[in-house]
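Enquirer: Please see the structure below; I have some questions.
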Amino acid sequence: MPTPARRAAALRDLLNRYAHEYYVLDAPSVPDAEYDRLFQELQALEAAHPELSTPDSPTQRVIGKVLAGFAVVRHVVPMLSIRTETDTEASGAATFDARVRRELALTEADPPVEYDAELKFDGLAINLRYEQGLLVQAATRGDGERGEDVTQNIRTIGQIPLRLHGIEAPVLEVRGEVYMRRDRFEAMNERQRELIAKGAKNEKTFVNPRNAAAGAVRQLDPAMAAKRPLSFYAYGLGDVQGWEIPETQSGLLDALAAAGLPVNGDRAVVAGADGLIAFHQRIGAKRDALPFDIDGVVYKVNARALQQRLGYVSREPRWAVAHKYPAQEQMTVVRDIGVQVGRTGKLTPVAKLEPVFVGGTTVSNATLHNEDETRRKDVRIGDTVIVRRAGDVIPEVVGVVLDKRPAKVGEPFDLYKQLDGKCPICASAIVREEGEVDWRCSGGLFCPAQRKQAILHYAQRRALDIEGLGDKLVDQLVDTGVIRTLPELYKLGVAKLHELERVGEKSAANLLANLEKSKQTTLARFLYGLGIRHIGETTAKDLARHYGSLDRLMDAGIEQLLEVDDVGPIVAESIRTFFDQPHNREVVEQLRAAGVHWEEHAGTPPTVALPFAGKTFVLTGTLPNLTRDEAQERIEAAGGKVSGSVSKKTAYVVAGAEAGSKLEKAQTLGVTVLDEAGLRKLLDGV
Ligand code: 5U1
């Protein structure tokens, strides 16, 4: 039996190793439950033998007392700032290299200078003081001379070792950046929003990870700080006593990593301006894919001997520079809030901004996503906001700077009120269904904003099947004003088509023939082609089967519509809203007048049982003889339905060659699986 002291020491070492694997290396070697078990054992040992508790014990990451304020820490070695190169082009790197060479009195004949290139994290600089290898103090940069003692909060960051591995120097101060990963920031803000929605008074959301990290580090209540998911990267040194500093910056980072500190892996030792430029470009290309924000890269002359020769100027080292990327966030003022109608009828509130240069371009519009987001962020006309444009993502308003809110500011955003309930493009009614975040224009066929989408939907194979009417042609037809409404498709003539670019004689003739052919269709295809929200192919078939006549369907009330198989309140409401708009009825009449027709029948109430009625099939893999469409048609002709996903309600899964996860799911759920022969047998029995 080991003595309690030995066991406590072993547990400490083990737990510290596991914490390093988990937080720093991102490669845990034991399950969380094992860590928890050992942690509890150590806690119990320390409770029974308080003299065994040491400052580096993982139990000492405990949350301390709420402070009245932070004690001031005087930095033994001032925390310097770094010179910033604002020329975000490659020339910025070349300028730095040229300056270094000049100051080192190098000539063209001398070899390139070796640099260590690193990321410039967008967080908060921190000084960690280790004495005899133990973390004794953590302080913010403050004014560089004096910072604040934030040890309690920093100790709650699992990534920061409480004891260094293999370094027991009297003093080793490690400098680096506390930051918050973007995914953790989003999740934290989501939790904050939930708390606010539940009425929590003292909670707020944060505009960006940097502010969230800075706020957490400077939290007087360590319990609050511990809830904020912070991370850390080490990049330099402060006061050092009794430790031999490696001769290069890259060697220093290796040594810090070996001591258990998190050091970012996106670093490189490069030669001369070309090496710096290549690094700047490589990181620039992956910037948006990094899990945290950076605002640039840092170049440091690698050799400490050269750093010492270069020295400092006005509190900045001459041997280092931060080479920026275009800022992804900027502040600006909201001039107005407009509403944009998308191709699908979605209404998106958009902030009209004082133009601002962000993410490499001038931005004057930024999305507010939807009404709920706009209200949640409480964006109003006159507000100063933070705008973000990262990569190719549409610029967005990330938050309001409430301190800058003017006395005279707009009302809280109300989309319905602002639009008076009408689409800003076509004046059709706007609708927002229960459980949906978006308002939509209900004028699908009629709304110019949705024209291209409506035509493409109408022409697709499963609808009116007009071959040759693709994206590019529809763009041209609409953009040149040749087609303004769907029925005008049937007025197209050779002459009009010839006016368009890239439409030859043969393709014009083919298109006209296909248009003519499309006139003879089925009610189900026509209904699907109208693009009524929530009316997919299957529902269109159900409706066609049930009513047999378009007029009967158009006149059906909600109650009657609910009698149709699988038509629920949302679908019924959507059908009614559509046919209640006079202009939609007009479009339907114009299409019929143009010659679009189908066979009608007296209708089939759902009670007339078809053999497969009420049965849902899922098709997966390739069948030997039947195409997927043929199999679907046969199943539907027998009254069955074909769905894309397997659930407990699925009656049969028909599986062919290379069936994948759907087959597995069917087997897990115990759903009957058929091959093509099995399906045919069922159909023959019909
Ligand atoms: N990676 C890194 N970031 N960063 C920021 N290194 C680094 N060095 C800095 C700063 C402010 O300053 C020293 C060069 C003094």
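The values are calculated or read from the model by the stated rules, or taken from the named source; none is laboratory data. Because the structure is a prediction, the values reported are computed rather than measured. Heads up, the Cβs are rebuilt from the backbone with ideal geometry, glycines too, and the neighbour counts pull from every protein chain shown. SASA here: full protein model, heavy atoms, side chains in, ligands and nucleic acids out. Shrake-Rupley method; radii C 1.70, N 1.55, O 1.52, S 1.80 Å.
Enquirer: Taking amide H positions as placed in the peptide plane 1.01 Å from N, state which residues far from Gln137 in sequence (5 or more) or on other chains have amide H under 5 Å from it.
Expert: Arg129
Enquirer: How big is the charge dipole of the chain about its Cα centre, in debye rounded to the nearest 20, if each Lys and Arg gets +1 on its Cβ and each Asp and Glu gets -1 on its Cβ?
Expert: Computed about the Cα centre, the dipole is about 780 debye.
Enquirer: Pop out the ³J(HN,Hα) list for segment 486-495 in order, Karplus 6.51 cos²θ - 1.76 cosθ + 1.60 with θ = phi - 60°, rounded to Hz; leave Gly and Pro as x.
Expert: So the J values, rounded to whole Hz, are 4, x, 5, 3, 7, 9, 4, x, 4, 4.
Enquirer: Run the numbers on the chain and let me know its relative contact order in percent, using alpha-carbon pairs under 8 Å that are six or more apart.
Expert: Normalised by residue count, the contact order of the chain is 9 percent.
Enquirer: Something else about it: Need the C-alpha centroid separation for segment 423-444 versus segment 445-491, integer Å.
Expert: When both Cα centres are located, 21 Å separates them.
Enquirer: Pull up all non-local amide H partners of Val171: gap of 5 or more, or a different chain, and H-to-H distance under 5 Å with H placed in the peptide plane.
Expert: Here Gln132, Gln241 satisfy the definition.
Enquirer: With the contact rule set at Cα under 8 Å and sequence spacing of 6 or more, what percent relative contact order holds for segment 329-419?
Expert: 28 percent
Enquirer: Turning to a different aspect of this structure: With the cut-off at 1.5 for a/c, could you classify segment 442-608 from its C-alpha gyration tensor as rounded, prolate or oblate?
Expert: Because a/c hits 1.5 or more and a/b exceeds b/c, segment 442-608 counts as prolate.
Enquirer: How long are the semi-axes of the equivalent ellipsoid of segment 186-279, defined as square roots of 5 times the Cα gyration tensor eigenvalues? Whole Å, largest first.
Expert: Taking √(5λ) for each Cα gyration eigenvalue gives 38, 19, 10 Å.
Enquirer: Something else about it: Relative contact order for segment 83-324 using alpha-carbon pairs under 8 Å, separation at least 6, rounded to a whole percent?
Expert: Contact order relative to length: 32 percent.
Enquirer: Further, regarding this structure: How many percent of Cα pairs in segment 99-218 exceed 18 Å?
Expert: For segment 99-218, the fraction of Cα-Cα distances above 18 Å is 66 percent.
Enquirer: What share of Cα pairs, in percent, lie more than 32 angstrom apart in segment 83-324?
Expert: Percentage above 32 Å: 25.
Enquirer: Classify segment 329-419: rounded, prolate or oblate, from the alpha-carbon gyration tensor (a ≥ b ≥ c, eigenvalue square roots; a/c under 1.5 rounded; otherwise prolate if a/b is larger than b/c)?
Expert: oblate
Enquirer: Compute the angle between helix 537-547 and the longest alpha-carbon principal axis of the chain, please, reported from 0 to 90 degrees and rounded to the nearest 10.
Expert: Helix 537-547 sits at roughly 30 degrees to that axis.
Enquirer: Just need log10 I(q)/I(0) for segment 4-60 at q = 0.16, 0.17, 0.25, 0.27 Å⁻¹, Debye formula, equal scatterers on the alpha-carbon atoms, no solvent, rounded to two decimals.
Expert: Each listed q maps to, in turn, -0.45, -0.50, -0.96, -1.08.
Enquirer: Equivalent ellipsoid semi-axes for segment 314-363, as square roots of 5 times the alpha carbon gyration tensor eigenvalues: give them largest first, rounded to whole Å.
Expert: 38, 13, 7
Enquirer: Of the peptides 480-492, 225-237, how do they stack up when ordered by the mean number of other Cβ atoms within 10 Å, highest first?
Expert: The most tightly packed comes first, giving 225-237, 480-492.
Enquirer: I've got another one for you. Give me D for segment 533-629 in µm² s⁻¹, whole number, from Stokes-Einstein with Rh from the Kirkwood sum over alpha-carbon pairs, 20 °C and 1.002 mPa s.
Expert: Once the numbers are plugged in, D ends up at 140 µm²/s.
Enquirer: Helix 4-19 sits at what angle to the longest principal axis of the chain, using alpha carbons and giving 0 to 90 degrees rounded to 10?
Expert: Tilt of helix 4-19: around 50 degrees.
Enquirer: Would you mind checking Lys198/Lys352; Lys286/Lys404; Lys452/Lys517 for any pair whose Cα atoms are more than 28 angstrom apart?
Expert: Result: Lys198/Lys352; Lys286/Lys404 exceed 28 Å.
Enquirer: What does the convex hull of the alpha-carbon atoms of the chain project to on average, in nm²?
Expert: Averaging across all directions leaves 43.6 nm² for the Cα convex hull.
Enquirer: For Thr248, which sequence-distant residues (separation of 5 or more, or a different chain) have an amide H within less than 5 Å of its own amide H, given hydrogens modelled in the peptide plane?
Expert: Close amide H contacts, sequence-distant or interchain: Arg304.
Enquirer: Here's a follow-up. What is the angle, in °, between the Cα long axis of helix 249-258 and the longest principal axis of the Cα atoms in the chain? Nearest 10 is fine, range 0 to 90.
Expert: Tilt relative to the chain: about 80 degrees.
Enquirer: So what are the ³J(HN,Hα) numbers for segment 637-642, from phi and the Karplus equation (6.51, -1.76, 1.60; θ = phi - 60°), rounded to whole Hz, Gly and Pro as x?
Expert: Taking θ as phi minus 60°, the curve returns 4, 8, x, x, 10, 10 Hz for segment 637-642.
Enquirer: I'd like the distance between the alpha-carbon centres of segment 176-202 and segment 7-68, rounded to an integer number of Å.
Expert: Using only Cα atoms, the two centres lie 26 Å from each other.
Enquirer: Packing-wise, with mean Cβ within 10 Å as the measure, how do 532-541, 576-585, 107-116, 248-257 rank, highest first?
Expert: 248-257, 532-541, 576-585, 107-116
Enquirer: Calculated from DSSP H runs of 4 or more alone, at -39500 (n - 2.57) each and per residue, what is the 222 nm mean residue ellipticity of the chain, nearest 500?
Expert: -10500 deg cm²/dmol
Enquirer: On to the next question. Arrange the residues Lys346, Lys496, Lys300 by how much accessible surface each exposes, largest first, with a 1.4 angstrom probe.
Expert: Ranking Lys346, Lys496, Lys300 by accessible area, largest first, yields Lys496, Lys346, Lys300.
Enquirer: Order the peptides 1-9, 629-637 from the highest to the lowest mean number of other Cβ atoms within 10 Å of their residues.
Expert: Averaged packing, sorted descending, gives the order 629-637, 1-9.
Enquirer: Let me ask another. Within segment 364-404, whose backbone N sits under 19 Å from a point 7 Å along Cα→Cβ of Val333?
Expert: Only 364-366, 379-388, 397-404 fall inside the zone, counting backbone N under 19 Å.
Enquirer: Provide the FRET efficiency to the nearest 0.05 for the Glu89-Arg315 pair, computing r from the beta carbons and using R0 = 25 Å.
Expert: Result of the calculation: an efficiency of 0.40.
Enquirer: So, in Å, what gap is there between the alpha-carbon centers of segment 553-591 and segment 283-305?
Expert: First find each Cα centre; the distance between them is then 58 Å.
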